[in-house]
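Data block below; observations after.
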Amino acid sequence: MKFWLFGCLLVAVSIQAETFQQNSQYCLVCHGSKAQGNVAISAPNLAILPDWYLTAQLRAFQSDWRGHQSTDAYSKEMMAVAKSMSPEEIKRAIDFITTFQVSKTVETLDGDISHGKALFQTCAACHGASAEGNQSLGAPPLAGQYSWYLLRQLQAYRSGQRGNAEQDSKGAVMKQIASSLNSEQDLNDIVAYINTLALPSTDVKN
């Protein structure tokens, strides 16, 4: 009887997992019930990101040029997830994520906003004056993203953890820009300024 119950439990779990994946809700396990991110496990806000950028990043993970660095544990986790997904599953997951309303994250970083605004002018050339993103340049929206995540990505570009792959031409540009910033305080100031900006329009996602 115990073995029979255990077998039934395994089947039930398997069916539930399959249904869960078919509904693309597995993304929410890490990224929050509304794709708003989860600071406890360092999962960024996906709800602010447009479909074209989400697609590009999943393909980057699949192609090994994002997440290949041995020091980048967070990206390695996403690389493993992306590699398990078919093109149809990627499309279904992104279609699901983009149904959520954009929500503002809580500011958690202190910085000189005026100085950050001045530094951000270089960023605005690609990411837009309001950090709303620019599809033609492959630059994602930044407004509404977690401070800790933006800071970590700038640090990753500065250290060469991101932007070093041969296929990552846009990342190479970001690496150059991040490397031109003189100090950690500069990074803090830019991120603090970005998080004063209004949320991107949901139109940016389409």
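The values are calculated or read from the model by the stated rules, or taken from the named source; none is laboratory data. Source: prediction; values computed, not measured. Don't worry about glycine lacking a Cβ; one is built from the backbone with ideal geometry, like all the others, and counts go over all protein chains shown. Keep in mind that these areas ignore ligands, DNA and RNA; they rest on the heavy atoms of the full protein, side chains included. Shrake-Rupley method; radii C 1.70, N 1.55, O 1.52, S 1.80 Å.
Select, from His31, His68, the only residue that is farther than 21 Å from Tyr146 by Cβ and of a type outside the set (Gly, Ala, Ser).
Matching residue, one of His31, His68: His68.
Would you call Gly160 at positive phi, modelled with pLDDT under 95 and either under 15 Å from the mean Cα position of the chain (by Cα) or open to solvent by less than 20 Å² (accessible area, probe 1.4 Å) (or both)?
Against the criterion (at positive phi, modelled with pLDDT under 95 and either under 15 Å from the mean Cα position of the chain (by Cα) or open to solvent by less than 20 Å² (accessible area, probe 1.4 Å) (or both)), Gly160 qualifies.
Applying the selection to segment 117-147, what residues are touching a Lys or Arg at 6+ places or on another chain (Cβ under 8 Å) and either of a type in the set (D, E, K, R) or in a loop (DSSP other than H, G, I, E, B) (or both)?
Gly138, Gly144
Return the residues of segment 163-206 that are at pLDDT 90 or above and open to solvent by 80 Å² or more (accessible area, probe 1.4 Å); say none if nothing qualifies.
Of everything in segment 163-206, those that are at pLDDT 90 or above and open to solvent by 80 Å² or more (accessible area, probe 1.4 Å) turn out to be Lys170, Gln176, Glu184, Gln185.
Consider segment 36-57. How many of its residues are of a type in the set (S, T, N, Q) and either open to solvent by 50 Å² or more (accessible area, probe 1.4 Å) or over 9 Å from the mean Cα position of the chain (by Cα) (or both)?
4
Pairs under 7 Å by beta carbon, first residue assigned to a loop (DSSP other than H, G, I, E, B) in segment 173-194, partner open to solvent by less than 40 Å² (accessible area, probe 1.4 Å) and of a type in the set (D, E, K, R), six or more apart or different chains?
none
Among the candidates Ala60, Ala82, single out the residue that is in contact (Cβ under 8 Å) with a residue 40 or more places away in the chain, open to solvent by less than 40 Å² (accessible area, probe 1.4 Å) and over 26 Å from Ala192 (Cα atoms).
Ala60
Criterion first (of a type in the set (Ser, Thr, Tyr), open to solvent by less than 40 Å² (accessible area, probe 1.4 Å) and farther than 22 Å from Glu184 by Cβ) does Tyr146 satisfy it?
Here the answer is no, as Tyr146 does not meet what is asked.
Checking the structure you have, find out if any residue of segment 155-166 is assigned to a helix (DSSP H, G or I) and of a type in the set (Gly, Ala, Ser).
Yes: one or more hits.
Are there any helices (runs of 4 or more DSSP H) wholly within segment 1-104 with 1 or more residues that are modelled with pLDDT of 90 or more, and if so which?
27-31, 51-62, 73-83, 87-97
I'm checking my understanding of the structure. Among residues of segment 97-143 that are among the polar types (S, T, N, Q) and farther than 22 Å from Val173 by Cβ, which one is most open to solvent (accessible area, probe 1.4 Å)?
Gln101
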